[in-house]
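The values are calculated or read from the model by the stated rules, or taken from the named source; none is laboratory data. Computed from a predicted structure; not experimentally measured. Methodologically, a virtual Cβ is constructed for each residue, glycine included, from the backbone with ideal geometry; neighbour enumeration extends over all protein chains shown. The protein model used for the area step is the full one, side chains on, heavy atoms only, and it has no ligands, DNA or RNA in it. Shrake-Rupley method; radii C 1.70, N 1.55, O 1.52, S 1.80 Å.
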Amino acid sequence: MSPRTCSIANALEVLGERWSLPALREIFFGNTRFDQIAAHTGASRDVLAARLKKLVACGVLEKRRYSDHPPRFEYLLTDSGRALHNLMLMLKEWGDAYVTEGPLPLVWQHSCGHVLEPRVVCAHCGEEATPESLTRAP
């Protein structure tokens, strides 16, 4: 039997290294310069440089020069990178519920005035997508 073709495994080939998601978190927060990303993630400079290079090569980030002398770059989200926003929210929600001990390090408030509780819903009917509500499409 051959392994199942899986978009989750394919996505992890791009995003699954230790410092990739924390780097993306910082870019979503507006920290787009290398020194900012390094300071807020705690990643070593060589490891972070490798992760950012891979995210650029995979089309998740764009590397843009903001200074010529000395040459300095910032990292901006592409459409592919911006599409990870909901994944990041759901991963944070899972971490809050099952991993983080003590006070939550970050709480988002939605524009409706309530604390954000992200959920995955069907775009057609608006119902929450739970394991019980899903079947494989023919």
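Summary of values
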quantity: Residue satisfying condition, being open to solvent by less than 40 Å² (accessible area, probe 1.4 Å) and on the phi > 0 side of the Ramachandran plot, within set GLY102, GLY113, GLY81, GLY59; calculated: GLY59
quantity: Selection count where residues are closer than 16 Å to PRO22 by Cβ, outside any loop (DSSP other than H, G, I, E, B) and not small (Gly, Ala, Ser), scope the range 94-120; calculated: 2
quantity: Filter result for the condition that a residue is closer than 25 Å to SER7 by Cβ and loosely packed, with under 13 Cβ neighbours inside 10 Å, over PRO131, PRO118; calculated: PRO131
quantity: Single condition LEU91 does not satisfy, out of (1) within 16 Å of ARG25 (Cα to Cα); (2) open to solvent by less than 60 Å² (accessible area, probe 1.4 Å); (3) part of a helix (DSSP H, G or I); calculated: (2)
quantity: Filtered residues of the range 32-74 (kept if within 14 Å of the chain's Cα centre (by Cα) and either in a strand (DSSP E or B) or over 17 Å from PRO22 (Cβ atoms) (or both)); calculated: GLY59, LEU61
quantity: So GLU93, is it touching a His at 6+ places or on another chain (Cβ under 9 Å) and touching a residue at least 24 places away in the same chain (Cβ under 8 Å); calculated: no
quantity: Pairs with Cβ under 8 Å, 6+ apart, first in the range 32-56 and surrounded by 19 or more Cβ atoms within 10 Å (Cβ to Cβ), second among the polar types (S, T, N, Q) and in a helix (DSSP H, G or I); calculated: LEU48/THR41; ARG51/SER20; LEU55/SER20
quantity: Boolean, ALA123 is free of Cβ contacts under 8 Å to residues at least 60 places away in the same chain, open to solvent by 60 Å² or more (accessible area, probe 1.4 Å) and not in a loop (DSSP other than H, G, I, E, B); calculated: no
quantity: For TYR66: the one exception among (1) modelled with pLDDT under 95; (2) open to solvent by less than 90 Å² (accessible area, probe 1.4 Å); (3) farther than 23 Å from ARG25 by Cα; (4) of a type outside the set (A, V, I, L, M); calculated: (3)
quantity: Of all residues in the range 126-138 being among the hydroxyl-bearing types (Ser, Thr, Tyr) and either part of a loop (DSSP other than H, G, I, E, B) or touching a His at 6+ places or on another chain (Cβ under 6 Å) (or both), the one that is nearest to PHE29 (Cα to Cα); calculated: THR130
